[in-house]
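First comes the structure, then the notes that go with it.
The values are calculated or read from the model by the stated rules, or taken from the named source; none is laboratory data. Since the model is a prediction, treat every value here as computed from it, not as a measurement. Cβ coordinates were reconstructed from backbone atoms using ideal geometry, including for glycine residues, and neighbour counts include every protein chain displayed. When the accessible area is computed, the model is the full protein with side chains, heavy atoms only, and any ligands, DNA or RNA have been set aside. Shrake-Rupley method; radii C 1.70, N 1.55, O 1.52, S 1.80 Å.
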Amino acid sequence: MEDIIIDARGLACPMPVVKTKKALAKNDSFVVLVSTDVAKENVRRFLESQKVHVEIIQTDDGYKLKATK
């Protein structure tokens, strides 16, 4: 199965969290791409508050957060 990818790189808060929330409503697992530490922490905190497992991988242009319910 192909990963669902939410590209939130370059978006100002709260858009990365808004996009993540929409993805979470429809999917059990997906990847969120963000470009800043602030966006990474906001998305991580949101997912953890929803009891979602998060794996964070640093990339050349930001972070990849793998979310799994």
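Okay, here's what the table says:
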read-out: Beta bridges per DSSP with both ends in the chain, % antiparallel, nearest 5; value: 80 percent
read-out: Heavy-atom accessible area order for 21, 26, largest first, 1.4 Å probe; value: 26, 21
read-out: Centre separation in Å (Cα based) which lies between the range 45-64 and the range 11-29; value: 11 Å
read-out: Total formal charge among the other residues, if their Cβ is under 9 angstrom from that of residue 66, Lys/Arg +1 and Asp/Glu -1; value: -1
read-out: Length added when fully stretched, residue 37-residue 12, from 0.36 nm per residue minus Cα-Cα; value: 7.8 nm
read-out: Local electrostatic count at residue 42 - Lys and Arg +1, Asp and Glu -1, tallied over other residues with Cβ under 12 Å; value: +2
read-out: Accessible area in square angstrom per residue, the chain, 1.4 angstrom probe; value: 64 Å²
read-out: Cα-based Lys pair tally, the chain, threshold under 17 Å, eight or more apart or on separate chains; value: 21
read-out: Accessible surface, 1.4 Å probe, highest first, among residues 32, 38; value: 38, 32
read-out: Helix 15-26 vs. the chain, principal-axis angle (Cα, 0 to 90°, nearest 10); value: 10 degrees
